[in-house]
1. Under the Karplus relation 6.51 cos²θ - 1.76 cosθ + 1.60, θ = phi - 60°, what is the ordered set of whole-Hz ³J(HN,Hα) values for region 849-865, x standing for Gly and Pro?
2. Modelling each spin label as a point 7 Å along the Cα-to-Cβ direction, I'd like the A902/R586 distance in nm, to one decimal.
3. Using Cβ counts within 10 Å as a stand-in for footprinting exposure, how do S262, S368, S1095, S455 rank, fewest first?
4. Hey, can you grab everything whose amide H is under 5 Å from the amide H of R560? Only 5+ residues off in sequence or another chain; H modelled, so Pro and N-termini drop out.
5. Given R₀ = 45 Å, FRET efficiency for A499-D523 by Cβ-Cβ distance, to 0.05?
6. What's the FRET efficiency of A467 with T347 using the Cβ-Cβ distance as r and R₀ = 56 Å, to the nearest 0.05?
7. Search the structure for amide H atoms under 5 Å from the amide H of L269, placed 1.01 Å from N in the peptide plane, and list their residues when 5 or more places away or on another chain.
8. Specify the inter-centroid distance of region 359-383 and region 100-152, based on alpha-carbon positions, in whole Å.
Amino acid sequence: MREAVDPTLPAGPMRDQWTIDPDRGLWLFRASRLDALLDPLDALLLHLPPREWLAPQTVLVGHPGLRHWLRQALANRRGPGAVVANIAFALPGPWLDGLALALLGLPDAAARGWQHEVLRWRLLPRLHALDDARVQSMLADDDGTQAFALASRLASALAPLMLYRPDWLRRWARGEPAVRGDALLAAAWRALQGSGGTDGRRGAPASRDDARVAHRGERLLQLAHHLNDAVLRPAGLAEDPLHVFGLHHLAPPELAVVRALSRWRPVVLHVADPCREHWLGMGSGRAAMRAALACDDIGESAFLALDHPLLAAWGRLGQHFLLALEDNALAVNERHGVDTLDPAPTTLLDRVQHSLRRNAPGLMRMASADALDALRGDASLRVLRCATPLRELEVLRDALAEAFATLPGLQPADVVVLAPDPARYRPLLPAVFGAPGQRDGVWPWHAFDVPLAASHPLYRALAIALALPGTRLTAPGLLDLLALPAVARRFSLEGEDAAVLRHALARLGVAWGLDADDRAAFDAPPSVEHTFDWGLDRALAGQVFGLRDAEVITLPDDVRLLPGEGIDAGVAERLGRLHALLLEVREWTALAAASLTPGAWQTTLARRIDGLFAVAPGDDEARDALDAVRAMLAALADEWRDAGLEATAPIPASPAAPAASGLLPWPAVRDALRGRLDAVPERQRFLVGGITFASMVPQRAIPFRVIAVLGLDEGALPRHAPEDGLELRAQAPRFGDRDLASDDRYLFLETLMAARDRLHLSFIGVGADDGRARNPAGPLADLLDTLARFVPPGGSAKPEAGWPWERQARLQPASVRDVGERGASIAARPPSHASPPTGAALATPPTLEALLAFFHDPARHALRDIAGARLDALEDERLEADEPLEPQADRREAIARRLVFAALEAGAAAPAESPDESLRLGGRLPPGALADALWREQREQALTTLGLLRTAPTPPREPLSAPRRIAVSVALDAGSTLTGEVAVRDDADGRLWLIEAVPGRQGDRLHFGRRIPLLLRWLALRLTQPDRVNIALVGSERDDDFAGRIAAMDAACTAAGTAEAREANAAALRAVLRAALDFRAAVLRGERRYLPATSWAAWRHGDDDPGRVIAAWAGAGIPVGERDHAPGYAALWGQDWHFVPGEGELARFVDDAKALVASFGALLDPAHGGDGVGGEP
């Protein structure tokens, strides 16, 4: 017997030699820490190499991520001068399948035909023959979507039965029932048995003589029998040890092969066993345990009687695996010496792990109340209740900053962050931790387990393209597709082209649908308005005629439309390239009704992908992604050939696809490709340096110094199989079964044991909307209950401050002073939204237009105009995804306001009774009766506003002129000048008028946002024009004489008889302008508060009815408050404002609104005394 010696192992309780029979035997080495298992693995790899120098050594691992860790761990262990090479890390399933094919002389197709991906295609054409009323009802009006989903689900249910219930499959093949409720699965299995398979030649149908190809479970059992019955060593079988590392489960046929294989080569199992004691129920003897396993509950009662409740709650899967190993002729069953050491635990995490290792929950007990309270400073095990996923990440950031500051030598690569659903956090990571992959960053990080669709924009583009058939095409959706580089490159629409097209499509009124027929396919009226064809026709007409407000024209096909505005040669050229994209999109949408042969699908999809995507020269990542897409199509074609689809019976037809032999409907093809895009590529690198963000995946519990688990919400863990009646093993469980729930519970146990210094656990434990407590996931609830039972001293009640290991996270992020030095730069980063700039940007005097924009909508002005933070998708000028379908005015058009000024310019008594055709053909009105209803509503509002204006004390004499612009330049102080333009109208007597017409608005809706900009325009004109300036503010009711007060002031200014009086008036007006500029600057610096409606309510009602101020900001039903006005600038700007009567923002708004009104004096406040001009702000 050769010995494998590792001289680096310490003496004493640790063994200094690892010895096995180099020729045969099943060897089991156990340790509670996965990294301790490196000792026997490395020693045996070094000292028992293969007899052939170039032959690789084989190590089976439970997950691809484990192979990356093992390779690094072995390299670190051997040191910089050693080499870790020629080790084949393989997954047990594929490796055992390959061994079976090789030793049994079977073709590759024998394995592929029973893979889940192929099995679903074999089932798909046979669903219509299943004698099941539910299935036939589902397929009656199906386009292929439900059929493919059912075939996939049946394949998922049947695949594990090949390993865990082969006896059921044999009974079903004979037409016998095996368990209650098995009729559907039994029928599906018999359909597969009758389908034959392939004879080894890819795609070739099997002959009658060899139609029955053994499934995976049968093949493995055949292999086990072959190895057990062999007299001589099977040819080609390696002789060096086979290592199985870190697994906690093998299916019964797999374990049978491993046992049989140990006759011919050493098989060494390196198993992480959390408990060093007889936690397997073996303390009472093997016979008693076998008797317990023979009971209906397969030993459940005996297992639950374990001393440690966490082993009982989480350890089932590992218990069954270890029992299966214990119950066989093991050559050696040895635990690593590290588990015999009993160092005194120093942290709460140590105590919990030590108690599990000893199966003694009492070892967690604290000696006194003071010792319990001291745990508040122990960060080794913390459970955080948070309100949102973003707060979970922010709290994690703060915890990591503290860990890096206090744990000696901690590096980002020593940290892993896990989550049951990492997609929930992935979009938020850059906002909290910065950009990924930056090795020079504070904490470099990377995400693992990223679905293929999220790993490169080209995959995302393919996902969008797959959704085109059967989905209505909207203008925003088309531009989202165009925003993807591969698509933009293909149609030469890059750089600023998308912004130009967005503006053009919005002006043209394009909403959705390729044409009228496309709209009709979605059960919408087959009208051409607002479709892409209609919009492009309008653009072409606009470019030909080149006139603003062109007349309605009739095209040769009798379509009438209004030529589009602003379509110059540059815009037209870009629209031409967009038309090419639309032609390709039309080809994609036509796939919705297609049913083709597998070969035809491969050709069609390859052509469509080449037609939609192009890669820039030198972009290697995009080139690799495009090659991977083509490989994906080839792999799908391989599945079809392995399923023998070309030779199968007809696939059930949908009404849109006539029946034909071997045709595949588009939904099945689409969903198969989507599944590949949603999957995580096996070749993703797991450990590449920096903090790792990954999924919680069974058999990948790798040790890290710091482990964080996020998203442990109720229902997130453990996972459960679908409740569709197809998971039949739960009705009759057996020893050695594996299920999702057991996997996840054992994974949580492994995760707890894998943390070396810190275990950070968090969940959404409080409702962000209602503040109510939420429950954690089941395993976390088990942990919290166990800690509360066993950690406090006997008889201790829960402290008023709560248990020391539980924390309720603050609603707001921590400040820099609350985090460690290394995390300070991350915590100090500005929030994700843009903040208004200060300094030079505010020192420069704004234009009059900027001042007006501020007082009309300060949040938009500060964030969009100054800071550059745009919410384009939510803007009023956004590109719409729907045509107008409500009888309400489009704010971009303000139809009632247009009617008011049209009547005033024409001198007409009333607006027209019916809408002008150009409004509908220009896309400004909804179709049909909705347009008439909207017109009547808007006309009534316009009539009310006209009546109020015409019955004013000094109405304008009609007709009014069209608006004209007057340049103004007002010298203020210290050499500063306010410049800009003011739009005015002339009445029939030649008088200047400023008219603010807002039909439908009344009362508090005529707030500062309407009054102050109008007042500022009057001030600018009054200081630059010699003639009278008339003003009118009209809505749906008479105002509070605001215009009358301005008219009186205007008359007083123009009537001043002396130069001194005129200069005094001018100085007072300039002071008001100066005060307005200063107020704007103070608001942008955060020193004052101002929002038009909220500030108006604060001035009018803040002292006696603060609830109205809160309603103005937050809303009180309908209408919504200013906070919720689209597109959301106010909400973003004031996200940290909290309105509480008598304090906080409410008091600030009241005080600042009073200061604002005081600065304008009687111009805003009729109660203001003095000369009518404002004071200081």
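1. In residue order, the calculated couplings are 4, 5, 5, 5, 4, 5, 6, 7, 8, x, 5, 4, 4, 5, 7, 7, 6 Hz.
2. Reported label-point gap for A902 and R586 is 3.4 nm.
3. Going from sparsest to densest Cβ surroundings: S368, S455, S262, S1095.
4. Excluding prolines and chain starts, which carry no amide H, the hits are L555.
5. My answer for the efficiency is 0.85.
6. Efficiency, from the Cβ-Cβ distance: 0.65.
7. So L269 has HN proximity to W27, L28, F29, V244.
8. First find each Cα centre; the distance between them is then 54 Å.
Values quoted throughout were computed directly from the atomic coordinates according to the rules given, and no laboratory measurement underlies them. All figures in this text were calculated on a predicted structure; none of them were measured in a lab. Note that we place each Cβ from the backbone using ideal geometry, even for glycine, and neighbour counts take in every protein chain shown.
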